[in-house]
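The values are calculated or read from the model by the stated rules, or taken from the named source; none is laboratory data. Keep in mind that this is a model prediction, so the values were computed, not measured. Here the Cβ positions follow ideal geometry from the backbone for every residue, glycine too, while neighbour counts run over all protein chains shown. Surface areas here come from the heavy atoms of the whole protein model, side chains and all, with no ligands, DNA or RNA. Shrake-Rupley method; radii C 1.70, N 1.55, O 1.52, S 1.80 Å.
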Amino acid sequence: MGETVKFTEIIRRLQNMGRALDKRVILVIDSLDEAVVHNFERSISELASNISNSNGIVKLIVSIKSSDWK
């Protein structure tokens, strides 16, 4: 089993990478509707909150089937 890394740490690492390269970092999550995540709403909200604190360095793109998003 791999190490568990919190969203804050992931976003911090991506933000540092973006700063070092003087570029934005785009995080893409494909097929979000197929994710098996405990407390899904809370998890995605926490991720979005951490990204919003990245000063525009980290951006998020999410794909989901529109028929599942109701």
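Looking only at region 25-70, how many residues end up being part of a loop (DSSP other than H, G, I, E, B) and either without any contact (Cβ under 8 Å) to a residue 24 or more places away in the chain or within 17 Å of T8 (Cα to Cα) (or both)?
11
In a helix (DSSP H, G or I), touching a residue at least 24 places away in the same chain (Cβ under 8 Å) and surrounded by fewer than 13 Cβ atoms within 10 Å (Cβ to Cβ) - does that describe any residue in region 2-18?
Checked against the condition, which is being in a helix (DSSP H, G or I), touching a residue at least 24 places away in the same chain (Cβ under 8 Å) and surrounded by fewer than 13 Cβ atoms within 10 Å (Cβ to Cβ), region 2-18 yields no hits at all.
Do you know which of the residues in region 19-31 that are of a type outside the set (A, V, I, L, M, F, W, C) and more than 16 Å from G56 (Cα to Cα) is most open to solvent (accessible area, probe 1.4 Å)? So that I can check it myself, show each step before the final result.
Of all residues in region 19-31, those of a type outside the set (A, V, I, L, M, F, W, C) come to 19, 22-24, 30-31.
Still in the running and more than 16 Å from G56 (Cα to Cα): 30-31.
Numbers: D30: 112, S31: 37 Å².
The selected residue is D30.
Filter region 25-40 for residues that are at negative phi and either touching an Asp or Glu at 6+ places or on another chain (Cβ under 6 Å) or at pLDDT 80 or above (or both) and give the result.
First, pick out the residues of region 25-40 that are at negative phi: 25-30, 32-38, 40.
Scanning region 25-40 gives V25, I26, L27, V28, I29, D30, D33.
Every residue in region 47-70 that is charged (D, E, K, R) and modelled with pLDDT under 90, please.
To start, the set of residues in region 47-70 that are charged (D, E, K, R) comprises 59, 65, 68, 70.
Result: K65, D68, K70.
For the subset of region 32-45 comprising residues that are surrounded by 11 or more Cβ atoms within 10 Å (Cβ to Cβ) and over 9 Å from the mean Cα position of the chain (by Cα), which member is nearest to F7 (Cα to Cα)?
Let us first name the residues in region 32-45 that are surrounded by 11 or more Cβ atoms within 10 Å (Cβ to Cβ), namely 32-33, 35, 40, 43-45.
Those still in the list that are over 9 Å from the mean Cα position of the chain (by Cα) too: 32-33, 35, 40, 43, 45.
Numbers: L32: 16, D33: 19, A35: 16, F40: 13, S43: 9, S45: 11 Å.
Looking at residues that are surrounded by 11 or more Cβ atoms within 10 Å (Cβ to Cβ) and over 9 Å from the mean Cα position of the chain (by Cα), I get S43.
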